[in-house]
Amino acid sequence: MIKQTLIFSLLMLAAGVAGFLIAQELNSSFESLSPEEKYQRIISQRDQAIRQAVAAGDYNCCINPACTMCYMAANQWNNFKAGTCACDQLIAQGKDPCPQCKKGLCNKNEDGFCLTIKDS
């Protein structure tokens, strides 16, 4: 019984060390990236997280691709809960969506100014 406990403890210790080393490698690999590579990785992971939030029904954006503003910060357009978006519901209530969505929904004139909101 003591031998089994010792073996189990050693296996758990080895698994813990392996997990720590893997985490260190992932972290150090990020730190070794150039600023542009870090930016691209962060944007990619943010976009993946938004797609997952959309699939889960937590991100109800009115534009495609979905806005990033509501994901990145708590604000009035996501009921002050970062990582969610309620712009679609706001439009249904006759209210304005977030500025990023509003810009994505507008019809622009030849000067690039928003004239009207497109029907969504």
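The number of residues in the range 1-31 that are modelled with pLDDT of 80 or more, out of contact with any Lys or Arg (no Cβ under 8 Å at 6 or more places or on another chain) and within 29 Å of Ala82 (Cβ to Cβ) comes to 2. Here no helices (runs of 4 or more DSSP H) wholly within the range 1-89 include at least 3 residues being exposed (fewer than 12 other Cβ atoms within 10 Å of the Cβ) and basic (Lys, Arg).
The values are calculated or read from the model by the stated rules, or taken from the named source; none is laboratory data. Source: prediction; values computed, not measured. Reconstructed Cβ throughout: ideal geometry from the backbone, glycine too, with neighbour counts over all protein chains shown.
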